[in-house]
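Please read the structure below before turning to the comments.
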Amino acid sequence: MASTPRQPYGTVVSESGVNVREFPSTDSSMVARLPYRSTVGLRCKVRAQVIDGNHIWYLLRDQPGWVTARYVDNTGNVRICGDAAADEAASDGDTAG
């Protein structure tokens, strides 16, 4: 059995799985597919195309692509993407200024 990723992570709750998209929209190219009950690390979230009343999309942490939150339940605190990028820049140790 695969190990659970570190938080935050998502679990696919759609029995038919979920498409991983290049961008947070169903008009975007599908780059992968995650099966039902699979878990995947989540980097951050954005508001984008509404899917069945849910406007949140998650950027995956360990592979390129986005999934709609409508079919993925999250565990842990998923930051807004702008906040996550700022945190990564701060942790790079850049002290110029």
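Bear in mind that the values in this text are calculations on the coordinates, not laboratory data. What you are looking at is a predicted structure, and each value in this text was computed from that prediction instead of being measured.
Of the three principal axes defined by the Cα atoms of region 1-82, the extents in descending order read 33, 29, 22 Å. Around the amide H of residue 36, modelled in the peptide plane, lie the amide H atoms of 17, all under 5 Å away and 5 or more residues distant in sequence or on another chain.
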